[in-house]
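Asker: Would you mind keeping the following structure in view while I ask a few things?
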Amino acid sequence: MSETSQRQLGDSDSPIEDKLEDAFNRMVDEGSQRLHRTWREVLVTGFFGGTEVAMGVLAYLSVLNATHDNLLAGLAFSIGFLALLLGHSELFTEGFLVPVTTVVAKRASIRQLSKLWSGTLVANLAGGWLLMWLIMTGFPKLHAQTVESAAHYVTAPLSAETVTLALLGGMAITLMTRMQHGTDSVFGKIAAAVAGAFLLAGLQMFHSILDSLLIFGALATGDAPFGYLDWLQWFGYTIVGNMAGGLLLVTLLRLLRSKDRLQEERDDAEAS
């Protein structure tokens, strides 16, 4: 179908389908607001993101300790993603699809994207570390389960399997973001959050922030057979895998799908 036909058949004068046009506008509008935050706003929002994911980790560990079922524990972890969604906080790996689309549309700069990524990453880890220390202090019965769960990630050697799990982890959470921006329905957004949690935590994909909080919790117990250097080595390849999965396997394809619409947005930005 030609671009002219797309414009004639749709309700909007857009080179892409109406539903994609709505999702595109939501992403650019939200991305513009997120990328124009001050450093204070970026850091505080990211800190809350880390603390809220840590509450999801608490739910995950509690269910896993009681049932020894990773799939059920993954569903319990969705509390963390629901808190992110409804609390409008920020998780580093959620910052791929929406902010990158906004930058490509020339509604924000690469410098602003770098500020969002770096500030959110540091603040996520700081907030998560603090909450995991409090959780381990308040729930000593979860110590053994936390050390066992964290060891699954931090002691895993760099291999084709672990790199693939990191790629899939980045893809899964970016797909969750894509689904949430594809609908106005609150129920649909909640369903996407639960699905994302099931995939990431339930199937034990490698996720730089979520799994780091498990590792921080294990280190806080004083019983972990590994240290922060081991975490840093694991974190290095996991974050690269997450970014590659989210940016190449989801974001890039979405940008290609909306190429004509992006060009219009870029032209409008340059004209203004």
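Asker: Checking Met179 against (1) outside any loop (DSSP other than H, G, I, E, B); (2) at pLDDT 95 or above; (3) not β-branched (Val, Ile, Thr), which test does it fail?
Answerer: Of (1) outside any loop (DSSP other than H, G, I, E, B); (2) at pLDDT 95 or above; (3) not β-branched (Val, Ile, Thr), only one is false for Met179: (2).
Asker: List every residue pair whose Cβ atoms sit under 6 Å apart, with the two residues 6 or more apart in sequence or on different chains, where the first one lies in the stretch 244-272 and is surrounded by 14 or more Cβ atoms within 10 Å (Cβ to Cβ) and the second, anywhere, is charged (D, E, K, R).
Answerer: Between residues of the stretch 244-272 that are surrounded by 14 or more Cβ atoms within 10 Å (Cβ to Cβ) and residues that are charged (D, E, K, R), the close pairs are Arg266/Lys106.
Let's see how each residue does on (1) surrounded by 14 or more Cβ atoms within 10 Å (Cβ to Cβ); (2) modelled with pLDDT of 95 or more; (3) touching a Pro at 6+ places or on another chain (Cβ under 7 Å); (4) not in a loop (DSSP other than H, G, I, E, B):
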{"site": "Ile16", "(1), (2), (3), (4)": "yes, no, no, no"}
{"site": "Phe24", "(1), (2), (3), (4)": "yes, no, no, yes"}
{"site": "Val28", "(1), (2), (3), (4)": "yes, no, no, yes"}
{"site": "Leu64", "(1), (2), (3), (4)": "yes, yes, no, yes"}
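Asker: For the stretch 35-51, what are the residues that are within 21 Å of Gly128 (Cα to Cα) and in contact (Cβ under 8 Å) with a residue 40 or more places away in the chain?
Answerer: Answer for the stretch 35-51, where residues must be within 21 Å of Gly128 (Cα to Cα) and in contact (Cβ under 8 Å) with a residue 40 or more places away in the chain: Trp39, Val42, Leu43, Val44, Thr45, Gly46, Phe47, Phe48, Gly49, Gly50, Thr51.
Asker: Within the stretch 145-162, take every residue that is touching a residue at least 12 places away in the same chain (Cβ under 8 Å) and aliphatic (A, V, I, L, M) and give me the one that is farthest from Leu58 (Cα to Cα).
Answerer: Leu158
Asker: Output the qualifying pairs, or none if there are none: Cβ atoms under 6 angstrom, residues six or more apart or on different chains, first residue in the stretch 67-84 and more than 12 Å from Ala192 (Cα to Cα), second residue of a type in the set (S, T, N, Q) and crowded, with 20+ Cβ neighbours inside 10 Å.
Answerer: none
Asker: Which residue pairs have Cβ atoms closer than 7 Å, lie 6 or more positions apart in sequence or on different chains, and pair a first residue in the stretch 203-227 that is touching a residue at least 60 places away in the same chain (Cβ under 8 Å) with a second residue that is assigned to a loop (DSSP other than H, G, I, E, B)?
Answerer: Within 7 Å, the pairs are Ile209/Leu91; Ala218/Ala224; Phe226/Thr155.
The values are calculated or read from the model by the stated rules, or taken from the named source; none is laboratory data. Every value quoted in this text rests on a predicted model; they were computed, and no experiment measured them. Neighbour counts are summed over all protein chains in view; Cβ atoms, including those assigned to glycine, are modelled from backbone coordinates with ideal geometry.
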